[in-house]
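Provided herewith is a single structure, encoded as structure tokens, for subsequent inquiry.
The values are calculated or read from the model by the stated rules, or taken from the named source; none is laboratory data. Since this is a predicted model, take the numbers as computed values, not measurements. Here the Cβ is made from the backbone with ideal geometry for all residues, glycine too, and neighbour counts use every protein chain on show. Please note that ligands, DNA and RNA were not included when accessible areas were found on the heavy atoms of the full protein model with its side chains. Shrake-Rupley method; radii C 1.70, N 1.55, O 1.52, S 1.80 Å.
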Amino acid sequence: MKKTFLMLILAMFAAGTFAQTDSLVTVHQTRLDALENAVNELKQADKQLRSADGALKVRLDNVDAQIVSLQSADEQNAGAIVSTSETLSHNIQGVSEQAQGETNKVSKNLFTTIIIGSIIALLILAVSLLLYFLLRKRNTSAFDQIKSAQQALQEEGLKLDEKLVELLDKQLSIQNAAPAQAEPDHSLALKVADEIVRIETNLSRMDASVKGYKQLAASVRRIKDNFLANGYEMVDMLGKPYDERMKVVANFVSDDTLKEGEQIITGIIKPQINYNGVMIQAAQITVSQN
């Protein structure tokens, strides 16, 4: 009986011990697996580090090669710079010497040119003065001839106008002696007025010393008096200020010699004619203005 109980106890102890041992084995196996996994990860990381270290060494080798290449290029550039500097210095010195020589040559040529030019200018001035005095003497004679010819033409023109005024005066006298009509004919009077204005314009441009001037001027005054006696009035506008209210046909021309805004009647194409105080012909005039 005691042996059976003892065996039972031993069996229970053995079962408990086995269960504990199995549990410990399971725990240790789990830990062992974790350690193996950690070792594998460390091996993988070590492998990656070794690969990165190799790549880094390759890059360092490339950098060292580039540094060596740059040092070699720098030495070559330094040599080229020294060589170019020496060449430029030599060329600059040569150009400077050449430029100095050219400058001296140009200065010498310029001085010679100035002397020659001065001599030529003096010769031209002397010849010009000589020609001026010769031509002046000749032109004075030619001017006198032209003036004499112009005066002769003016005198002939005055003679023709004098004959025309006499003819017009006779025609007016004949018309005035004719019997009066209910409706007077103004055609002859208007024609005479136009001719009188033309003659007065010509006289205003002539010198009063021209032969026949005073005689023609007197004839014009006489025919105008005759006009006025028969009821015709020639309105005098020449040389007077222009007024926009005038009943005229005006042509405007610029004249810078006048004052700003000034307008002067400087030409009569057709005069204004009044008959017994009533206008029968409007004036056509030229107005100079600034």
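Within the stretch 240-262, count every residue that is polar (S, T, N, Q) and in contact with a strand residue (DSSP E or B) (Cβ under 6 Å, 6 or more places away or on another chain).
The first filter runs over the stretch 240-262 and keeps only residues polar (S, T, N, Q), leaving 251, 254, 257.
Now restrict to residues that are in contact with a strand residue (DSSP E or B) (Cβ under 6 Å, 6 or more places away or on another chain): 251.
Of the residues in that region, 1 qualify.
A follow-up question, please. Any residue at all in the stretch 225-232 that's in contact (Cβ under 8 Å) with a residue 24 or more places away in the chain, open to solvent by 40 Å² or more (accessible area, probe 1.4 Å) and of a type outside the set (S, T, N, Q)?
No, the stretch 225-232 contains no residue that is in contact (Cβ under 8 Å) with a residue 24 or more places away in the chain, open to solvent by 40 Å² or more (accessible area, probe 1.4 Å) and of a type outside the set (S, T, N, Q).
Which pairs do you get when a residue that is without any contact (Cβ under 8 Å) to a residue 40 or more places away in the chain, found in the stretch 250-263, comes within reach of a residue that is of a type in the set (Phe, Trp, Tyr) and assigned to a loop (DSSP other than H, G, I, E, B), reach meaning Cβ atoms under 6 angstrom, with the pair 6+ apart or on two chains?
Final answer for the pair search is Gln263/Tyr242.
Since Gly231 meets every condition but one in (1) touching a Phe, Trp or Tyr at 6+ places or on another chain (Cβ under 7 Å); (2) at pLDDT below 85, which condition does it not meet?
(2)
Would you mind telling me which numbered condition in (1) surrounded by fewer than 17 Cβ atoms within 10 Å (Cβ to Cβ); (2) modelled with pLDDT of 85 or more; (3) part of a helix (DSSP H, G or I) Gly157 fails?
(2)
Filter the stretch 252-290 for residues that are of a type in the set (S, T, N, Q) and touching a Gly at 6+ places or on another chain (Cβ under 6 Å); which is nearest to Ile196 (Cα to Cα)? Show your work before the answer.
First pass over the stretch 252-290, keeping only residues of a type in the set (S, T, N, Q): 254, 257, 263, 266, 272, 274, 276, 281, 284, 286, 288-290.
Remaining after also requiring touching a Gly at 6+ places or on another chain (Cβ under 6 Å): 276, 286.
Working: Asn276: 19, Thr286: 17 Å.
Among those residues, the one meeting the criterion is Thr286.
Sticking with this structure for a sec: Would you please name the residue that is nearest to Lys163 (Cα to Cα), looking only at residues in the stretch 184-194 that are open to solvent by 50 Å² or more (accessible area, probe 1.4 Å) and at pLDDT 85 or above?
Lys191
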